[in-house]
Amino acid sequence: MVRGRICSLSVRDVRFPTSLGGHGSDAMHTDPDYSAAYVVLETDAEDGLKGYGITFTLGKGTEVVVCAVNALAHHVLNKDLGDIVGDFRGFYRQLTSDGQLRWIGPEKGVVHLATAAILNAVWDLWAKQEGKDPRTLLSCIDFRYITDVLTEEEAYEILQKGQVGKKEREGQMLMHGYPAYTTSCAWLGYSDDTLKQLCTEALKAGWTRPAVGSSLLSLSCVNMDPWTSEGLPLDKWFKVKVGADLQDDVRRCRLIRNMIGPEKTLMMDANQRWDVPEAVKWMSQLAEFKPLWIEEPTSPDDILGHAAISKALAPLGIGVATGEQCHNRVIFKQLLQAKALQFLQIDSCRLGSVNENLSVLLMAKKFEIPVCPHAGGVGLCELVQHLIIFDFISVSASLQNRMCEYVDHLHEHFRYPVIIKKASYMPPKDAGYSTEMKEESVKKHQYPDGEVWKKLLAAQEN
Ligand SMILES: C[C@H](O)[C@@H](O)[C@@H](O)[C@H](O)C(=O)O
Ligand SMILES: [Mg+2]
C-alpha cells in the first residue's frame with residue numbers, strides 16, 4: 001500500500017577528495033573528486049520512511065546538478081506518492097518535459113542527472129513500501145521515441161518469458177551473487193608500482209570466480225556461467241585505463257597482462273579520448289594484450305563511429321563497450337540498431353532512473369546484447385546491483401558475456417553498502433535502493449562547509 005504526501009525535498013552537494021590519490025582518473029578526467037547530489041524526500045506518512053536518491057558527479061559539476069534538482073523540485077513537492085507511482089510514466093514525462101527546463105536537456109545532461117537523483121529517491125521510497133509486478137514495471141516506462149524497436153506489448157512478452165525459471169535464478173543469485181569485475185587497480189593516474197601492488201593484492205584477495213573454457217579472450221568463445229564450471233580454473237577480471245599515451249599504454253598493459261597471465265580477462269577503457277580512425281589504429285597496437293573490449297573509444301554521441309570501430313575491431317576479437325555517458329534511451333536504441341556495441345553499459349544515474357533503465361534492459365534483451373553496467377564512482381555500485389540482478393532474474397535470464405563493474409572506493413559512507421563475495425555482488429536484502437548515506441559522512445563531506453573541505457580549502461589558501 002503506497003502512502004504519504006511528499007512534504008520535503010532536500011539536496012546536498014557531497015564530495016570526496018578522490019583526486020588527491022589519483023583514484024578514478026582516466027584519459028579524459030584527470031582529477032575526479034567523486035561526488036553526489038544527494039536528495040532526501042520526506043513524506044507526511046506516519047511510517048517515517050524517507051527516500052534517498054543520488055546522482056554521481058565529479059566535484060564542481062555537483063553544484064550545477066544541485067541547482068537543477070532545486071529547479072525541478074516543485075514537480076515532486078506536495079504530491080502524493082500514490083499519485084506519482086500510480087501514473088509513473090506520466091510523472092516521468094512531466095519531469096522530463098518541464099516546459100522551461102527541457103530546453104537545456106532534453107532528457108540529457110545536467111537536467112537528466114537531476115531527474116535521476118529525484119527519481120532514484122522516489123524508487124527508494126516506493127521500494128520500501130511495496131513490491132512490483134511486470135505490468136506495474138511497464139507502466140513506469142516512457143516508450144516515447146522507442147516504439148519503432150520496442151512496443152509495450154513486446155516488453156510485456158519479454159517480462160512474461162522472464163517469469164519462467166525466475167525462482168531458480170533468484171536462488172542462484174542468493175547463493176552465488178552476480179559476477180563482478182574490478183577497475184580499482186589501474187586508474188590512469190596510478191604509478192606502475194601502485195598498479196603492480198593493487199593488482200597483486202586483488203589477485204590474492206580473491207577477485208576470483210569460476211570460469212568455463214580455456215580462454216575468455218575471444219568474443220566468440222566467451223562463456224561465463226560460474227555455476228556449471230565448478231572445479232575448473234578460477235578466472236579474474238581487470239579493467240585498465242588507456243588512451244593518453246600509446247607507449248605508456250603498451251607498458252602498462254604488458255605489465256598487467258604479465259601479472260594476470262594469458263588466460264585472465266582484461267578490458268580497456270579510453271573514456272572517449274580518440275577519433276574513430278585513431279581508435280582503430282591505437283587498439284590494433286594494443287590487440288596483442290587480448291582485451292575483451294575497448295570501452296568508450298570515441299565520443300559517446302557518435303553512434304556510427306562506434307559501429308565503424310566495432311566492425312574494424314571484430315577480426316581482432318575486440319568488442320566495443322559503451323554507455324556510461326549515453327544520455328538517454330534514444331542513443332541506446334540507435335547503438336543497438338547500428339550494431340555499434342557488443343557490451344551495453346547502463347548507468348543508474350545518467351539515465352532517468354529505474355524507469356529509463358528498464359526500457360534499455362528490455363531493448364538489450366530484444367537485440368540479445370549483454371548488459372554489463374557501469375558502476376564505481378560514489379554509490380553507483382549500490383544502485384546498479386539492483387538493476388543487474390533484476391535483469392538476470394526477470395529479463396536476460398543469462399550470465400553469458402555478462403559482468404557488473406565494481407570499484408572499491410567509498411562504500412563505507414553508505415548505510416547499506418554492497419556486499420561482494422568471491423568477486424560477485426550478493427543480492428541486497430534491505431528494502432529500498434541502497435541509496436542512503438551515513439549522515440556523519442554527508443556532514444563531513446558536504447561542500448564547502450564540511451570538515452573535510454574546510455581543511456582542504458584552508459590548506460589550499462595557505
Ligand atoms: C571518472 C571516472 O572515474 C571514470 O573513469 C569511470 O567511471 C570509468 O569510466 C569506469 O568505467 O569506471
Ligand atoms: Mg568507463
**OP:** Would you mind telling me the share, in percent, of accessible area of the chain contributed by carbon and sulfur at probe 1.4 angstrom?
**Re:** 52
Original post:
Hey, with R₀ at 60 Å, roughly what FRET efficiency would PHE367 and LEU20 work out to, going by the Cβ-Cβ distance, to 0.05?
Top reply: 0.90
**OP:** Kindly report the accessible area of the stretch 369-412 per residue (heavy atoms of protein chains, probe 1.4 Å, no ligands, DNA or RNA), in Å².
**Re:** 18
Subject >> Partner aspartates and glutamates for LYS429 [C-alpha distance under 16 Å; skip if fewer than 8 residues away on the same chain] >> reply: ASP124, GLU130, GLU170, GLU382
Original post:
Given just the C-alpha atoms of the stretch 41-97, how large is their convex hull per residue in cubic angstrom?
Top reply: 97
Original post:
Rounded to the nearest 0.05, what FRET efficiency is calculated for GLU278 and LEU457 with R0 set to 45 Å and r the Cβ-Cβ distance?
Top reply: 0.70
**OP:** Let me have the relative contact order for the chain, percent, based on Cα pairs under 8 Å that are six or more residues apart.
**Re:** 18
Subject >> Protection proxy ranking of 317-326, 364-373 - average other beta-carbon atoms within 10 Å, highest first >> reply: 317-326, 364-373
Subject >> Label-point separation in nm, GLU168 to PHE143, each point 7 Å along Cα→Cβ >> reply: 3.0
Subject >> Solvent-accessible area of LYS166 with every protein chain in place, 1.4 Å probe, in Å² to the nearest 10 >> reply: 60
**OP:** Given the peptides 129-137, 155-163, 378-386, 28-36, arrange them by the average over their residues of other C-beta atoms within 10 Å, most packed first.
**Re:** 378-386, 28-36, 155-163, 129-137
Subject >> Structure-based [θ]222 nm, the chain - -39500 (n - 2.57) summed over DSSP H runs of at least 4, per residue, nearest 500 >> reply: -11500 deg cm²/dmol
**OP:** Label the stretch 102-194 by shape, choosing from rounded, prolate and oblate, from the square roots a ≥ b ≥ c of the eigenvalues of the Cα gyration tensor; if a/c is under 1.5 it is rounded, and otherwise prolate applies when a/b is larger than b/c, oblate when it is not.
**Re:** oblate
**OP:** Kindly flag which residue pairs out of LYS167/LYS438; LYS161/LYS264; LYS241/LYS444; LYS132/LYS166; LYS166/LYS365; LYS108/LYS281 have an alpha-carbon separation exceeding 22 Å in this structure.
**Re:** LYS167/LYS438; LYS161/LYS264; LYS241/LYS444; LYS108/LYS281
Original post:
Quick one: how many Å² of ASP83 are accessible to a 1.4 Å probe, rounded to 10?
Top reply: 100
Original post:
From the residues LEU150, GLN160, GLY171, which one has its Cα farthest along the dipole of the stretch 144-184 in the positive direction, the dipole being from +1 and -1 charges on Cβ of Lys/Arg and Asp/Glu about the Cα centre?
Top reply: GLY171
Subject >> Surface/4 of the Cα convex hull for the chain, nm² >> reply: 21.1
Original post:
For the peptides 184-190, 242-248, what is the packing order when you average, over each peptide's residues, the other Cβ atoms within 10 Å and list the highest mean first?
Top reply: 184-190, 242-248
**OP:** For THR435, enumerate residues with amide H under 5 Å from its amide H, sequence gap 5+ or separate chain, H modeled in the peptide plane.
**Re:** none
Subject >> Of ALA397, GLY323, LEU41, farthest towards positive along the dipole that unit charges on Lys, Arg, Asp, Glu beta carbons give the chain >> reply: ALA397
**OP:** Provide the per residue accessible area, probe 1.4 Å, for the stretch 83-139, rounded to a whole number of square angstrom.
**Re:** 38
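The values are calculated or read from the model by the stated rules, or taken from the named source; none is laboratory data. Nothing here was measured: the structure is a model prediction, and the numbers come from that model. Neighbour counts are summed over all protein chains in view; Cβ atoms, including those assigned to glycine, are modelled from backbone coordinates with ideal geometry. Ligands, DNA and RNA are stripped out before the accessible areas are found, and what is left, the full protein with its side chains, is counted by its heavy atoms. Shrake-Rupley method; radii C 1.70, N 1.55, O 1.52, S 1.80 Å.
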